[in-house]
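Since every read-out is calculated from the coordinates, none of them should be taken as a lab result. The shown structure was predicted, so the numbers you read here are calculated from the model rather than taken from an experiment. All Cβ positions, even for glycine, are placed from backbone atoms using ideal geometry, and neighbour counts span all protein chains on display.
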Amino acid sequence: MSARRSRAPLASLGAVALVLALLPLATGGSAHYLRLLTLMLAHMAYAVAFNLIFGHTKQLFLCLGALAGGSAYVSVVLARELHLSPWLTMPAGILVAGALGALFSYVSVRRGLGTIFVGIVTLAFSLIFQNVILGLRDLTNGETGIVTRDLGASVLQRAPSSYYAFLLLLVGALLLYDALMRSRLGAAFRALSDDELTAELAGIDVARCKVVAAGVGSALVGAVGALYAYYSGLINPSVYSLVAVDIAVLITLLLGGLGTRLGPVLGGAAFAIIEELVRPFGQLNVLVYGALLIVLFVAFRDGLVAVPGRAAAALLALRRAGG
Amino acid sequence: MSAVLRTEGIEVRYGETSVLRDVTVEVERGEAVSVIGPNGAGKTTLLKTIAGVLRPRHGRVVYDGVRLDGRPAHRVVRLGIAYVPAEKELFPQMTVLENLQLGAYVNPTATDEHLAFVFGLFPRLRERTGQLAGTMSGGEQQMLAIGRAMMAGPKVLMLDEPSTGLAPKLVAEMYEQLSRLKAAGLTILLAEQQVPLALALTDRTYVLENGAIRLAGPSRDLLGDPEIKRAYLGLA
Amino acid sequence: MIPILIDGVVQGLQLSLLAVGITLIYGLGGVLNLAHGQLAIVGGVATALLIGGGVNVVAACVLGVLGAGLFALVVDRSLLVPAYRAHGEERLLLGLVLTLGLSLLIDGYLNYQFPNTALTLRLPVPSVNLGGFRVRSASIGTSLIAILAFLVLLGFLRRTLVGKAVRSIIQNEVGAELCGIDATRTRTLILVLSGMLAGLAGVAQGLFSSLGTEMGVEFTILGLIVAVVGGVRSINGTLAAGVLLGIVNAFASYYVGTYLAFIILLLAAMITILVRPSGLLAYWT
């Protein structure tokens, strides 16, 4: 009985993976669209991470860009200075990101800091990151950035192998998410979402939940950031800015549905479409994102995943009223 | 219908639970009316609904011919009804004087006049004008709360269990001032746990139990009622 | 040594001015305005445009500040309505995300309309001799503006009845309502005030150095950390924290360069927040 139950989500995951794996065929060889799709996968993976950090444990980390960028720069600089293969240095970056995320979470929980303080501290960290990169000019090349094309990890620089590398990461992230949610930690997450105080009284170690969620999520963010560094061929501070990462991920997750299983995937797909639609507006895309953020958070926090459910409920209500 | 303040069949809910059901209470001009009943009966809810802090699901609250229900609390004060909640709701980091000055917010020009009146009622407040409200004792805070309410120059004063946590001497003092106010023409609506005091001060009393009026009548008569005696006065 | 101290104090006063608007709004209703920096830019940009259009400098500054206040009014009446309807944690979150969205709206528009523009509002006299030290008149000007703003604000809050009403809402909203104080309207007043203070900070920044349309985020974060370090409900604390952090930054800049100094500033603020979340001075006075 339990074997069948655990197979259903695996099946849906497999279906998603299959669809995504076949997508490159639909681009008709266009490098531009393949690039868009690869970026979409990166956003989806970021969103899975943010789902853990914010969707389930309500920790408003506004420093995802800094975490991703921190991991990326650690990996790239180590590879460049020590002439090591990126596959060796990426774990270092991931570790740094995960450790930082866990640290923020741990200190916040210990000090009993609420949402606002976590938001402010992580925002400050975003700013610190930008300035560290700019300040350590000798290592990081400041605003100009570092070219990563000739550092190795050629798998990430060719299409379509880069696409499948990100797909592998995304599937791994989703599997990890499923495993976590099925474990005792997952049950704790669900209890946390409803009411932290009640969960605490019920004996759930809220601190541990949050720190684990933050650590795992941040490590995942670091992984995406590191991969992306080699994929894009060039990194500079603006690649990992607030708008580029944090805002995009927030909107993605809101579109798909906070705390839902496939929300990151659906949201990522929706966001990719929106990004394309907004592209001709140039700098105004930031304005669109702002408006989107507002509308989504006020009206559609359950995301796209909930739309069919809501529509069905509305239809049922209409039919009942009419008959 | 000479009642100046009246609730007409009000129903008040917390979420989906009805806390007050079809409650009709009347207070005439210059009357002192008390509402007594066990904990959780709905006394506080009743006062809060009249004060505009809560909104009734059904029914009306009328004062001097004007509908009160649905108006926010800050409007109700302007109409002349002041409410002293059980929690007092003072401004802890402000001085006694500032608390009183804010009490006169609806009519700032009358501040000095009302201040003199309030100090006359509670001389102890005059001695402590510079003290922070949060540092005062329970009794002093209660006096300040009543004083602040009176700064608005109200025609109706509502008090929610003013004797709670006060030493008997202070309670007696407070009730003496309340009867002075009543003699001066103030209309009073009072919710109390200390039943004998309430019955002594007021003209009429309502007994509220489980969200409904169980008994109503002149306070003097209720003093003699055997059920009341047993339930609230601790007499066999 | 002294010039650095002066520089630190001047910068610190500007930080305080930037942060006090945030302290006001947060203290009043638990809404943290992530678009505060953008409001400052709006004030500065409006002023610069007016000056460019031939308006007298002083008038332009006043209008710019009022414009920022007006903008804040519109925001309060429209965008923030869902936040005010909620309570507690939900209100905090709504306020954060809604103002975050607003900051993007403003940033996006400004960067589109005025890309890469640095606006400087120049003053006629470059520098003045002050007790043996050369001080830029712009420094004096902005310091005076900040000090004056604080004096007026504190005077308003401590002496006037409306100011006391504002403080009362922060201390006990229910109690305030029972005194006849309309909390919603007072909140709007404070938001407009906060917007004007932000605009003033933006104008001061334009006078002191230069104002770029992309500085919004940085301003917001700076304002936030100064407000939090000073104690999010204390205006005196905001003033103290700003000046302190300004001095720290000035000395650090001198010894280790601007970037590192900025990082030190941010780290110092972060550590203060983590060690003492209630801030330097926990309560309003």
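Which value in nm describes the separation of the simple spin-label points at C:Ile4 and B:Glu227, placed 7 Å from the Cα toward the beta carbon?
So the two model labels end up 8.4 nm from each other.
Go ahead and set up a Gaussian network model of chain B, Cα springs under 10 Å, then flag whichever of B:Tyr105, B:Tyr83, B:Tyr206 fluctuates most.
Highest fluctuation of the listed residues: B:Tyr105.
Suppose the chain between A:Ala312 and A:Leu175 were pulled fully straight at 0.36 nm per residue; how much longer would it get relative to their current alpha carbon spacing? Please report the intermediate quantities before stating the final value.
Details: separation 137, 0.36 × 137 = 49.32 nm, distance 2.97 nm.
That pair, A:Ala312 and A:Leu175, stretches by 46.3 nm at full extension.
Where a Cα-Cα gap under 16 Å defines reach, which aspartates and glutamates qualify for A:Lys58, not counting those fewer than 8 residues away within the same chain?
List returned: A:Asp194, A:Asp195, A:Glu196, A:Glu200, A:Asp205, A:Asp246, A:Asp302, C:Glu89, C:Glu90.
Where the only charges are on Cβ atoms (+1 Lys, Arg; -1 Asp, Glu), what is the dipole of chain A about its Cα centre, to the nearest 20 debye? The partial results should precede the final answer.
Working: 22 positive and 14 negative charges, 176 e Å.
The calculated dipole for chain A is roughly 840 debye.
Restricting to the protein assembly as shown, what percent of DSSP beta bridges are antiparallel, rounded to 5?
Working: 30 of 48 bridges.
For the protein assembly as shown, the DSSP antiparallel bridge percentage is about 60.
Under the rule of at least 5 residues apart or a separate chain, name every residue whose amide H is placed under 5 Å from the amide H of B:Arg13.
The answer is B:Val19, B:Arg57.
Taking only Cα atoms and a 10 Å spring cutoff, compute GNM fluctuations for chain A and point out the largest among A:Gly256, A:Gly98, A:Gly309.
Maximum among the listed residues: A:Gly309.
Calculate, for A:Leu88 and A:Leu10, the FRET efficiency according to 1/(1 + (r/R0)^6) with r their C-beta to C-beta distance and R0 22 Å; round to the nearest 0.05.
Working: r = 32 Å, r/R0 = 1.46.
For R0 = 22 Å, the calculated efficiency reads 0.10.
So who's got an amide H within less than 5 Å of the one on B:Ala86, skipping anything under 5 residues away but keeping other chains? H placed 1.01 Å off N, in plane.
B:Asp160
A:Gln157's amide H: which non-local residues (gap 5+, or another chain) put their own amide H closer than 5 Å, with H modeled 1.01 Å from N in plane and none for Pro or chain starts?
none
Measure nothing but the geometry: give the 0 to 90° angle between the long axis through the Cα atoms of B:168-183 and the longest principal axis through the Cα atoms of chain B, rounded to 10°.
80 degrees
Test of understanding: ordering B:Asp22, A:Asp194 by Cβ neighbours within 10 Å, fewest first, what list do you get?
Numbers: B:Asp22 14, A:Asp194 8.
Listing B:Asp22, A:Asp194 from fewest to most nearby Cβ atoms yields A:Asp194, B:Asp22.
Over 5 Å intervals from 0, what percent of Cα-Cα pairs in chain B sits in each interval?
1, 7, 14, 19, 20, 17, 12, 7, 3, 0, 0
Could you run the Debye sum over the Cα atoms of the protein assembly as shown, one equal point scatterer each and no solvent, and tell me log10 of I(q)/I(0) at q = 0.05, 0.08 Å⁻¹, two decimals?
Log10 I(q)/I(0), no solvent term: -0.35, -0.83.
Picking from C:Ala261, A:Leu284, B:Gly217, whose Cα lies most toward the positive end of the charge dipole for the protein assembly as shown (charges on Cβ: Lys, Arg +1; Asp, Glu -1)?
The listed residue farthest towards the positive side: A:Leu284.
Computed FRET efficiency, Cβ-Cβ of A:Leu139 and C:Ala59, R0 45 Å: what is it to the nearest 0.05? If you can, show how the numbers build up before the last one.
Details: r = 49 Å, r/R0 = 1.09.
Computed FRET efficiency for A:Leu139 and C:Ala59: 0.35.
Using alpha carbons only, how many degrees (0 to 90, rounded to 10) separate the axis of helix A:2-26 from the longest principal axis of chain A?
Orientation of helix A:2-26: about 50 degrees from the principal axis.
If we count every other residue with Cβ under 14 angstrom of B:Tyr14's Cβ, Lys/Arg +1 and Asp/Glu -1, where does the sum land? Walk me through the intermediate numbers first.
On the way: positive: B:Arg13, B:Arg21, B:Lys48, B:Arg55, B:Arg57; negative: B:Glu11, B:Glu16.
Once positives and negatives cancel, what remains is +3.
Using a Debye calculation, one point per C-alpha and no hydration shell, please list log10 I(q)/I(0) for region A:2-240 at q = 0.17 Å⁻¹ in order.
These q points yield log10 I(q)/I(0) values of -1.23.
Under unit Cβ charges (Lys, Arg +1; Asp, Glu -1), what dipole magnitude, rounded to 20 debye, does chain C have relative to its Cα centre? Can you show the working numbers first?
Numbers: 14 positive and 10 negative charges, 117 e Å.
Its charge dipole is roughly 560 debye.
Pop the C-beta distance of B:Thr109 and B:Asp22 into the FRET formula with R0 = 56 Å and round what comes out to the nearest 0.05.
On the way: r = 42 Å, r/R0 = 0.75.
It comes to 0.85.
With the Cα gyration tensor of region C:17-215 giving a ≥ b ≥ c as the square roots of its eigenvalues, does the rule (a/c under 1.5 for rounded; else a/b larger than b/c for prolate; else oblate) give rounded, prolate or oblate?
The shape class here is oblate.
Springs between alpha-carbon pairs under 10 angstrom, Gaussian network model over chain C: which of C:Glu89, C:Glu218, C:Glu173 fluctuates most?
Judging by the Gaussian network model, the answer is C:Glu89.
Would you mind ranking C:Thr47, B:Thr109, B:Thr202, C:Thr186 so that the residue whose beta carbon has the fewest other beta carbons within 10 Å leads the list?
Numbers: C:Thr47 30, B:Thr109 7, B:Thr202 27, C:Thr186 21.
By the 10 Å Cβ count, ascending, the order reads B:Thr109, C:Thr186, B:Thr202, C:Thr47.
If the reach is capped at under 27 angstrom between alpha carbons, list the lysines near B:Lys48, excluding any in the same chain fewer than eight residues apart.
B:Lys88, B:Lys155, B:Lys182, C:Lys164
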